[in-house]
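The values are calculated or read from the model by the stated rules, or taken from the named source; none is laboratory data. It should be emphasised that the depicted structure is a prediction, and the values quoted were computed from it without experimental measurement. Please note: Cβ atoms are built from the backbone with ideal geometry, for glycine as well, and neighbour counts cover all protein chains shown.
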Amino acid sequence: MPIPLLLLPGLLCDGALWAPQIEALRDVAECRVADLTRDDSIPGMVGRILDEAPWDTFALAGFSMGGSAALEVMRQAPQRVTRLALLDAGLGVDTPERADERRRGMAMATRPRGFQPIARMLLTSMLHPDRAADPVLGAVMSEMAERVGREAYIRQQTAMLHREDTAPLLRTIRCPTLVLCGRQDRRTPLEWHETMAREIPGAVLEVIDRCGHMSTLEVPEATAAAMRRWLTA
């Protein structure tokens, strides 16, 4: 029987982020993608996730910002999560430099014709250098950003700016956990994931070679294979 699997997208992302994994895992997982565009706080996002989830218990995978939301689910309702996956996720709260970067992006997005350039710059900076000019991948990411839109982007950045430090939660996690990242991820680097994998009891670390931040889209087959191992172990 397929495993209920709730998927949490990242900043400026929607269900297209997870499309390759949904297709590859359809024989083992019944997938739903949560909407993280409507709230300007991580607790608000998570309250909506828990209210709208179609199952009482589920496996939970969060990408980037979605990883922060997934950890907040573990704070609010750990009894509902049977398995946890954190993909290219952040550790702790923003550095002052990252917080300033978010504020600059929000300010730029409010200007006339300012949203498209900031979205394009942000998303392309997340890719492995070998894929930064990939027109197909670029189009997928640009179209996601357009669908999410300026107002939701500002809400999401506000939520990330004011999120709580989830690092103390890591040692309390008791379900089977996958920690995954691209080896060349510059947004949430490998050393952060190594720390998370050490702190979470029994966690498995998977590192995807020749991959930047966007693991689900850059190297979809390897990411899906790691998720299959996590779901079926």
Only listed residue being at pLDDT below 95, closer than 21 Å to Thr158 by Cα, surrounded by fewer than 24 Cβ atoms within 10 Å (Cβ to Cβ) and touching a Phe, Trp or Tyr at 6+ places or on another chain (Cβ under 8 Å), chosen from Ala109, Ala119: Ala109
Strands (runs of 3 or more DSSP E) contained entirely in the stretch 1-80, each with at least 2 residues that are in contact (Cβ under 8 Å) with a residue 40 or more places away in the chain and crowded, with 16+ Cβ neighbours inside 10 Å: 3-8, 58-63
Matching residues in the stretch 81-101 - criterion: being under 24 Å from Gly212 (Cα atoms) and surrounded by fewer than 18 Cβ atoms within 10 Å (Cβ to Cβ): Gly92, Val93, Asp94, Thr95, Pro96, Glu97, Arg98, Ala99, Asp100, Glu101
Given (1) at pLDDT below 95; (2) buried (at least 18 other Cβ atoms within 10 Å of the Cβ); (3) within 18 Å of Asp40 (Cβ to Cβ), index of the condition Gly149 fails: (2)
Restricting the stretch 182-217 to residues that are in a helix (DSSP H, G or I) and buried (at least 24 other Cβ atoms within 10 Å of the Cβ), the residue that is farthest from the chain's Cα centre (by Cα): Met196
Test: Ala139 is free of Cβ contacts under 8 Å to residues at least 12 places away in the same chain and under 25 Å from Cys31 (Cα atoms): yes
